[in-house]
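Structure first, commentary second.
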Amino acid sequence: MSRLVNGVRSFSTTASSLLADATSASRSVTQPSSSSFQVFRDVPSLRQLRHQLLKNERTVGFVPTMGALHEGHLSLIREAARENTDIFVSIFVNPTQFGVNEDLSSYPRTWDSDVEKLEKLNDELGRTGAPGAGQITAIFAPTSKVMYPTLPPSSEIDGQGSFVTITPLSSKLEGGSRPVFFRGVATVCMKLFNATTPDRVYFGQKDVQQTVIIKRMVQDFLLDTKVRIISTSREADGLALSSRNVYLGDRRRAVGLTIYKALKAAEDAYLSGKSTRADILGAARSITDRVLSEQEALSPSERALFEVDYISLADPDTLDELDLVDSAKGGVLSAALKMAPLEENKPGEDCGLGEGKVPVRLIDNLILQPRA
Ligand code: AMP
């Protein structure tokens, strides 16, 4: 079904003549005899394909990811398939969005299983056969040198380089703890958008601040693409899917669900007619405070400690904190919780990848819809 060519997988399903035309001249693309999608390592060959697609009046939906794919990522691709003939997916762990104290090397990298998931999804999309149903045509998996061709990428706040900065949005919420994060995200997305020139781009609601920043960037830089936001995929109990969840293990996963329960309690307060910050966020805080004190009372081998980084009630466009929700506009409830490493593992316990030693930052959000 798939094989390795020049260190990159290639595929043996139906050949695409467009893909063949676009890639025959390039050595930075895998050279399978036939393929449902191909892996592009640099920009010129990808552009060649994009030009072919444009000439043939096909549309491109672009889904940027950092890999370690899960159902949340796949839901973005499924939505892109409903609206475009061709889907480009990027897999690139972007160094500039990791701070100097954040461990870029511990970000999960699961290339083979990512490619298998995409291959399976493409089969599924092909079988659906709905009119206009698109499929994945290209995986863009560039090196850091391709994405940052001149200066080596900097994660320092005052580091040099060519960056896109969206202020003040980037310094709020997540930006409080991760000052270079959204500079890195905006910069890499601008580069990826330039490389793929998509008709539409797909982002998950899960990263709400990212959605607000990308929409602002597209608007302010007059980018010719439409931003689509896809709802958060969750586990049955409500935990938002995330590539980082593999590090949680059973104990931290159970306690980590507090972030969702707290947001739900705040949402319930709003839905029951409350509008003030004190009432809405108070409901969330009472959950996090209770769970934290319960955990603190347990022994180190039983507990999972965490720190609430923020719980926010903010305006959907500016992310300014709200004292009162305007019922015509609604609001965004969001939170970040830092799960500390486990202090003591129990024999036989599933402590997750990294044996419970990797701190895990959980983020989640719920949208308060305008009240009629
Ligand atoms: P990442 O690989 O974490 O950078 O995520 C790539 C894209 O997938 C982003 O637009 C995320 O918001 C989106 N995403 C991640 N987790 C989820 C989820 N649980 N539900 C929906 N979208 C998600």
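The values are calculated or read from the model by the stated rules, or taken from the named source; none is laboratory data. Predicted, not measured: the structure shown is a model, and the values here were computed from it. Here the Cβ is made from the backbone with ideal geometry for all residues, glycine too, and neighbour counts use every protein chain on show.
A few comments on the model shown:
- Remark: pairs (first residue in the stretch 314-330, free of Cβ contacts under 8 Å to residues at least 60 places away in the same chain; second residue among the aliphatic types (A, V, I, L, M) and in a loop (DSSP other than H, G, I, E, B); Cβ separation under 8 Å; 6+ apart in sequence or on different chains) = ASP315/LEU322.
- Answer from PRO347, PRO316 - the residue that is in a loop (DSSP other than H, G, I, E, B) and more than 21 Å from the chain's Cα centre (by Cα): PRO347
- Hey, SER177 over 30 Å from GLY348 (Cβ atoms), surrounded by fewer than 18 Cβ atoms within 10 Å (Cβ to Cβ), within 14 Å of the ligand (Cβ to nearest atom) and not acidic (Asp, Glu) or not: no
- Criterion violated by ALA283 - all others in (1) surrounded by 17 or more Cβ atoms within 10 Å (Cβ to Cβ); (2) more than 28 Å from SER233 (Cβ to Cβ) satisfied: (2)
- Some residue of the stretch 42-57 being in contact with a helix residue (DSSP H, G or I) (Cβ under 7 Å, 6 or more places away or on another chain), closer than 30 Å to VAL358 by Cβ, surrounded by 20 or more Cβ atoms within 10 Å (Cβ to Cβ) and not charged (D, E, K, R): no
- Of LEU76, LEU69, all but one fail to be closer than 20 Å to ASP224 by Cα, within 11 Å of the ligand (Cβ to nearest atom) and touching a residue at least 12 places away in the same chain (Cβ under 8 Å); the exception is LEU76.
Rundown of residues vs (1) under 18 Å from the mean Cα position of the chain (by Cα); (2) without any contact (Cβ under 8 Å) to a residue 60 or more places away in the chain; (3) surrounded by 15 or more Cβ atoms within 10 Å (Cβ to Cβ), yes/no style:
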| site | (1), (2), (3) |
| --- | --- |
| SER106 | yes, no, yes |
| THR110 | yes, yes, yes |
| GLU116 | no, no, yes |
| ARG127 | no, yes, no |
| GLY134 | no, no, yes |
| PRO149 | no, yes, no |
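- When residues of the stretch 96-140 are limited to those that are assigned to a helix (DSSP H, G or I) and of a type in the set (Ser, Thr, Tyr), the one modelled with the lowest pLDDT: THR128
- Residue in the stretch 150-163 that is in a helix (DSSP H, G or I) and either within 15 Å of the ligand (Cβ to nearest atom) or at positive phi (or both) present: no
- Residues that are among the charged types (D, E, K, R) and more than 18 Å from MET147 (Cβ to Cβ), drawn from the stretch 160-217: LYS172, GLU174, ARG178, ASP199, ARG200, LYS206, ASP207, LYS215, ARG216
- Some residue of the stretch 133-142 being assigned by TED's automatic domain parsing to the domain that holds ALA186 and more than 23 Å from ARG200 (Cα to Cα): no
- Test: residue in the stretch 230-253 that is within 10 Å of the ligand (Cβ to nearest atom) and of a type in the set (Val, Ile, Thr): yes
- Residue that is nearest to GLN205 (Cα to Cα), among those in the stretch 38-66 that are away from the ligand (no atom under 16 Å from the Cβ) and in contact with a Lys or Arg (Cβ under 7 Å, 6 or more places away or on another chain): VAL60
- Checked across the stretch 181-199, the condition of being closer than 22 Å to ILE311 by Cβ and free of Cβ contacts under 8 Å to residues at least 40 places away in the same chain holds for no residue.
- Within the stretch 187-204, one or more residues are within 30 Å of GLY356 (Cβ to Cβ), crowded, with 18+ Cβ neighbours inside 10 Å and under 18 Å from the mean Cα position of the chain (by Cα).
- Among the residues of the stretch 79-97, just one is closer than 30 Å to LYS357 by Cβ, in contact with a Gly (Cβ under 7 Å, 6 or more places away or on another chain) and more than 10 Å from the ligand (Cβ to nearest atom), namely THR96.
- The stretch 60-95 - residue that is in contact with a His (Cβ under 9 Å, 6 or more places away or on another chain) and part of a strand (DSSP E or B) and, of those, surrounded by the fewest Cβ atoms within 10 Å (Cβ to Cβ): THR65
- Taken as a whole, the condition of being touching a strand residue (DSSP E or B) at 6+ places or on another chain (Cβ under 9 Å), at pLDDT 95 or above and on the phi > 0 side of the Ramachandran plot does not apply to LEU222.
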